[in-house]
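What follows is a single structure, written as structure tokens, with notes after it.
The values are calculated or read from the model by the stated rules, or taken from the named source; none is laboratory data. Here the structure is a predicted model, which is why all the values come from computation and not from measurement. Because the Cβ atoms are built from the backbone with ideal geometry, glycine has one as well, and the counts that use them run over all protein chains shown.
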Amino acid sequence: MKAPFQNLLKLQELQFGDAKNGTVEAAISELRRKIPLPILEHYDRMTVRGKTGVAAVRHQVCMGCHMRIPIGAILTLMHDDDIQVCENCGRYLYLPADGKNELREVFAEAKTAAKKSRPKARPLMPAV
């Protein structure tokens, strides 16, 4: 799923960029041919409304609508298993390169905190 999504990011950069000339239009049409139709249709519905179709996830928050993303969706993004859509705004989500490292640190801290907060096992009482 990585290649179609990279094409989608490039498409968004070209469409919302400042340059509008013949080479940009040719690049846009070439990228649109490489993206699967269901993904492209969803992206087009967002852009018709004047919104970007793709948003970064930073600090576990969608940068399109600024709402927190469920941990399951973030784990899927970290593993590049599937394309994720924000449950609130409908944008496609992606993790920037520095975002993956940040999330790995957050998960490592959460694991150590969970280990520290576990209650210690009590010794069993002998039967009387």
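Brief remarks follow.
- Candidates L40, L14, filtered to the one that is surrounded by 14 or more Cβ atoms within 10 Å (Cβ to Cβ), in a helix (DSSP H, G or I) and more than 18 Å from the chain's Cα centre (by Cα): L14
- Looking only at residues of the range 19-57 that are hydroxyl-bearing (S, T, Y) and at pLDDT 90 or above, we find that the one that is nearest to F5 (Cα to Cα) is Y43.
- Qualifying positions in the range 18-37 - surrounded by 10 or more Cβ atoms within 10 Å (Cβ to Cβ) and not in a helix (DSSP H, G or I): K20, I35, P36
- Residue list for the range 69-99, filter: of a type in the set (A, V, I, L, M, F, W, C), part of a loop (DSSP other than H, G, I, E, B) and either touching a residue at least 60 places away in the same chain (Cβ under 8 Å) or more than 14 Å from L9 (Cα to Cα) (or both): I69, I83, C86, C89
- The set of residues from the range 75-94 being over 17 Å from I39 (Cβ atoms), modelled with pLDDT under 90 and surrounded by 12 or more Cβ atoms within 10 Å (Cβ to Cβ) comprises L75, M78.
Here is a yes/no grid of residues against (1) of a type in the set (G, A, S); (2) in contact with a helix residue (DSSP H, G or I) (Cβ under 9 Å, 6 or more places away or on another chain):
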| residue | (1), (2) |
| --- | --- |
| F5 | no, yes |
| T23 | no, no |
| I28 | no, yes |
| R32 | no, yes |
| C62 | no, no |
| V85 | no, yes |
| A108 | yes, no |
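- T52 vs. criteria touching a strand residue (DSSP E or B) at 6+ places or on another chain (Cβ under 7 Å), under 20 Å from P96 (Cα atoms) and either of a type outside the set (D, E) or not in a helix (DSSP H, G or I) (or both): no
- Just one of the listed residues (A73, A3) is within 26 Å of E105 (Cβ to Cβ) and small (G, A, S), namely A73.
- Number of the exception - E105 against (1) at pLDDT 90 or above; (2) assigned to a helix (DSSP H, G or I); (3) not polar (S, T, N, Q): (1)
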